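The block underneath contains the structure these notes are about, expressed in structure tokens.
No lab work stands behind these numbers, since they all come straight from the coordinates. The structure presented is a predicted model; accordingly, all values stated were derived computationally and were not measured. For neighbour counting, all protein chains shown are included, and Cβ atoms are generated from backbone atoms with ideal geometry for every residue, glycine included.
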Amino acid sequence: MRELSRHQELFSLNTATVRMQAPLDRIIEACAARGIGLIDPWRDQVQAVGLDKIGRQLRDAGIKLSGYCRGGFFTAADQAGLAAALEDNRRAIDEAVTLGAPCLVLVVGALPGALTGPPKSKDIGIARSQVRDGIAASLDYARTVGMPLAIEPLHPMQAAERACVNTLEQALDLCDALDPGRSGALGVALDAYHVWWDPKLSGQIERAGADRLLAYHVCDWLVPTKDLVNDRGMMGDGVIELRKLRGMVEAAGYKGAVEVELFSDAWWSQPMDDVLDTCMSRFKTVA
């Protein structure tokens, strides 16, 4: 297993980790000052500053991407909504290409309308069918521009409103169905927060292998957890056996970045410099 204390170049910051403290251009400046060479920005953060400006800033700073967040949310209550989702994913793919991302992370969506209010359908089977169709259509376009898609399974607590793909096994089943030749065009983004609990995890990571493992995200699961979305823990503050999990991922052939991604009201309330310094320290010691 890689010794992260000697490999800062493997550290990546998912910019959601400090999204409340500063706009993306200032986050990039803070990363450059610390020698952080990899980030994973979110589309809304990029759009708030400007795609071209962020692209230039990244090139000037010598910072590359470990991924791009996010595509997905394929489900909808009608055909117009489904078509709009596909168009938005096409734009996300183009943005990822422009920024030189190695993959576009997909949060696939769930019951239509549930993220903002009462769901317009309770049929999760239909939602999963729409997700499969949406990924298939997006994959057709992504292949033409050389942008791999990474399905991110989310914890079952988010099955209703954010993602109806909730285990690594489900995500890999989709990969095998839509990319049976394991071409590298379709894989998974494995987030420790969402998958650590899965009794099948070890075997499914081995099944994924290097050609399906496109991204690896870390944080920690706090006990108790106070919020289903915004109470992630800093690495080492919770119950996830992070080194054991990374050992499984690397034994399967993963050689990419270790990306720190926290959605945390507690850490969002701290100064950005303190959060970044803590992330880098914990990356070296416990991730």
Exposure proxy ranking, count of Cβ atoms within 10 Å, fewest first, for Tyr193, Tyr141, Tyr216: Tyr141, Tyr193, Tyr216
Of the GluC sites (Glu not before Pro) in the range 1-34, which ones lie in a loop per DSSP and count no more than 11 other C-beta atoms within 10 Å? Glu3
Per-residue HN-Hα couplings for the range 34-39 [Karplus 6.51, -1.76, 1.60; θ = phi - 60°; Hz; x = Gly/Pro]: 9, x, 6, x, 9, 9
Run the numbers for Ala266 and Arg34: contour at 0.36 nm per residue of separation, minus the present Cα-Cα distance, in nm. 81.3 nm
Using 7 Å Cα-to-Cβ label points, what is the Ala160/Thr144 separation (nm, one decimal)? 3.9 nm
Lys, Arg +1 and Asp, Glu -1 on Cβ, resulting dipole of the chain about Cα centre, debye, nearest 20: 340 debye
Give, in nm to one decimal, the length gained when the segment between Thr285 and Ser121 is fully stretched (0.36 nm per residue of separation minus the Cα-Cα distance). 54.5 nm
Length gained if Thr225 through Ala136 is fully extended, taking 0.36 nm per residue and subtracting the Cα-Cα distance, is 28.5 nm
In sequence order, what are the phi-derived ³J(HN,Hα) couplings for the range 230-244 according to the Karplus relation 6.51 cos²θ - 1.76 cosθ + 1.60 with θ = phi - 60°, rounded to whole Hz, with x for glycine and proline? 10, 9, 5, x, 5, 3, x, 9, x, 10, 6, 7, 5, 5, 4
Using DSSP to define loop residues, name the trypsin sites (Lys or Arg not before Pro) in the range 90-164 whose beta-carbon has at most 16 other beta-carbon atoms within 10 Å. Lys120, Lys122
With a Förster distance of 22 angstrom and the Cβ-Cβ distance between Ala48 and Met20, calculated FRET efficiency to the nearest 0.05 equals 0.95
Test of understanding: in a Gaussian network model of the chain with alpha carbons linked when under 10 Å, which of Met235, Met20, Met147 would top the mean-square fluctuation ranking? Met20
What is the set of long-range amide H partners of Thr225 at a cut-off below 5 Å, with H atoms built 1.01 Å from backbone N? none
Taking Cα pairs closer than 8 Å and at least 6 residues apart, the relative contact order of the chain in percent is 20 percent
In the structure displayed, which of Lys226/Lys284; Lys200/Lys226; Lys120/Lys255; Lys122/Lys284 lie more than 32 Å apart, Cα to Cα? Lys120/Lys255; Lys122/Lys284
Per-residue HN-Hα couplings for the range 148-164 [Karplus 6.51, -1.76, 1.60; θ = phi - 60°; Hz; x = Gly/Pro]: x, 9, 10, 6, 9, x, 10, 3, x, 5, 10, 5, 7, 10, 10, 7, 8
List the trypsin sites (Lys or Arg not before Pro) within the range 210-287 that DSSP assigns to loop and that have no more than 15 neighbouring Cβ atoms inside 10 Å. Lys226, Lys255
